[in-house]
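K.L.:
Structure provided below as structure tokens; questions to follow.
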Amino acid sequence: MGREITSVGVVGLGTMGAGIAQIALLAGSEVVGREVGDELNERARGRIEHFLGRAVEKGKLAAAERDAALGRLRTTTEVGELADCDLVIEAIVEELDAKRELFAELDRVCAPDAILATNTSALSVTEIAEATERPERVIGMHFFNPAPLLPLVEIVRTGRSKESAVDAAYAWAERAGKQPVRCNDTPGFIVNRILIPLLNDCVSVLDGAGVSPEDLDKAMTNGAGWPMGPCALIDLIGIDIHVHASEALWGKLGEPRMGPPERLVAMQADGKLGRKSGEGFYRYE
Ligand SMILES: NC(=O)c1ccc[n+]([C@@H]2O[C@H](COP(=O)([O-])OP(=O)(O)OC[C@H]3O[C@@H](n4cnc5c(N)ncnc54)[C@H](O)[C@@H]3O)[C@@H](O)[C@H]2O)c1
């Protein structure tokens, strides 16, 4: 039996990390967030305050609960401040060397039975775990963007992860109101392994069958019951994020349909990145 998870460290408070910290705060955990600079810490705190404030305005959260949640958040630039965390979730840049360096440091600082988790989308959890002396307590916890809104968390076990670490992370994710699922450390885990080639197929049908993005989305929502059409979904994910994820999966598994379609590569080069840039398959105000 591992220790119960009451304090959570989040390293990297960017798009994903700030959202994960927010989830952990609302789950009642004490949270220590670590960024590389004070300004980045303050920016993340501001984002979390903003979103919790919106939840209060919408009547989804009591003002007292917001205040209590924010009171549980401590930010730091020192890895040493994570020493007492039961679970540390890493959400820094998607670079193997940076993650391995951080995990080696966390391994030195954190209690031997603390669980170290990576939110990597495309790197090998096994290779990250091997940077530590405790690979049995290293797992993947793959959240989806935006983390506070999307319920799924893929709990990824390597060949060396202890089931007790996987179970403890699974139980914490459930307590945080998430829908965790377990899987082995394989390229793309579950959702990206299926969704990336599938979306690429959708893009090839645009040109292959002479279909407009509007009609393709109409076809998949009305004919296959998709809640959102593939072109609208790629715009939401971001063309650059999807191209990058396709390249990563293609590099690992080599199936041609995993490679990014030329049309998306061209859109990325034109700065048409989807919703965030104001134009992708569709235009946004
Ligand atoms: N954005 C997504 O849709 C998404 C979804 C699931 C998983 N992920 C994964 O989550 C991770 C983070 O992605 P993101 O989109 O939040 O990136 P991001 O660039 O928004 O945030 C990364 C943050 O980490 C900080 N950072 C870098 N090195 C650090 C270190 N050593 N210690 C502390 N902070 C450090 C940076 O200052 C930055 O604020 C990546 O591994 C990514 O693959 C991203």
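The values are calculated or read from the model by the stated rules, or taken from the named source; none is laboratory data. Here the structure is a predicted model, which means the values were calculated and not measured. Neighbour counts are summed over all protein chains in view; Cβ atoms, including those assigned to glycine, are modelled from backbone coordinates with ideal geometry.
K.L.:
With respect to Val93, is the statement that it is of a type in the set (Val, Ile, Thr), closer than 25 Å to Tyr170 by Cα, in contact (Cβ under 8 Å) with a residue 12 or more places away in the chain and surrounded by 15 or more Cβ atoms within 10 Å (Cβ to Cβ) true?
P.N.:
No.
K.L.:
Return the total of residues in region 222-245 being farther than 15 Å from Pro260 by Cα, more than 16 Å from the ligand (Cβ to nearest atom) and buried (at least 17 other Cβ atoms within 10 Å of the Cβ).
P.N.:
Number of matching residues: 2.
K.L.:
Given the residues Val153, Val138, Val109, Val125, which is the only one that is within 16 Å of the ligand (Cβ to nearest atom), at pLDDT 95 or above, surrounded by 24 or more Cβ atoms within 10 Å (Cβ to Cβ) and more than 20 Å from Leu96 (Cβ to Cβ)?
P.N.:
Values: Val138 fails: more than 20 Å from Leu96 (Cβ to Cβ); Val109 fails: surrounded by 24 or more Cβ atoms within 10 Å (Cβ to Cβ); Val125 fails: more than 20 Å from Leu96 (Cβ to Cβ).
After ruling out the rest, the residue left standing is Val153.
K.L.:
I've got another one for you. Condition first: in a loop (DSSP other than H, G, I, E, B) and either among the small types (Gly, Ala, Ser) or touching a Ser or Thr at 6+ places or on another chain (Cβ under 6 Å) (or both). Now tell me which residues in region 202-217 satisfy that. Quick ask: steps written out before the conclusion?
P.N.:
Taking region 202-217 and keeping what is in a loop (DSSP other than H, G, I, E, B), we get 209-212.
Matches in region 202-217: Ala209, Gly210, Ser212.
K.L.:
Can you spot a residue in region 162-172 that is within 16 Å of the ligand (Cβ to nearest atom), part of a helix (DSSP H, G or I) and more than 18 Å from the chain's Cα centre (by Cα)?
P.N.:
So far as region 162-172 goes, no, none of its residues is within 16 Å of the ligand (Cβ to nearest atom), part of a helix (DSSP H, G or I) and more than 18 Å from the chain's Cα centre (by Cα).
K.L.:
In the list Ala224, Ala176, Ala209, Ala147, which residue meets the criterion of being under 22 Å from Glu4 (Cα atoms), among the hydrophobic types (A, V, I, L, M, F, W, C) and either free of Cβ contacts under 8 Å to residues at least 40 places away in the same chain or outside the structural domain of Pro260 (by TED's automatic domain parsing) (or both)?
P.N.:
Selected residue: Ala176, the only one of Ala224, Ala176, Ala209, Ala147 that is under 22 Å from Glu4 (Cα atoms), among the hydrophobic types (A, V, I, L, M, F, W, C) and either free of Cβ contacts under 8 Å to residues at least 40 places away in the same chain or outside the structural domain of Pro260 (by TED's automatic domain parsing) (or both).
K.L.:
Turning to a different aspect of this structure: So which residues in region 273-284 are farther than 14 Å from Leu233 by Cα and touching a helix residue (DSSP H, G or I) at 6+ places or on another chain (Cβ under 9 Å)?
P.N.:
Listed by number, the list holds a single entry, Ser277.
K.L.:
Check region 61-68 and report whether any residue there is at pLDDT 95 or above and either within 15 Å of the ligand (Cβ to nearest atom) or touching an Asp or Glu at 6+ places or on another chain (Cβ under 8 Å) (or both).
P.N.:
For region 61-68, residues at pLDDT 95 or above and either within 15 Å of the ligand (Cβ to nearest atom) or touching an Asp or Glu at 6+ places or on another chain (Cβ under 8 Å) (or both): absent.
K.L.:
What number of residues within region 187-221 are over 19 Å from Ile237 (Cα atoms), of a type in the set (Ser, Thr, Tyr) and surrounded by 13 or more Cβ atoms within 10 Å (Cβ to Cβ)?
P.N.:
Of the residues in region 187-221, 0 are over 19 Å from Ile237 (Cα atoms), of a type in the set (Ser, Thr, Tyr) and surrounded by 13 or more Cβ atoms within 10 Å (Cβ to Cβ).
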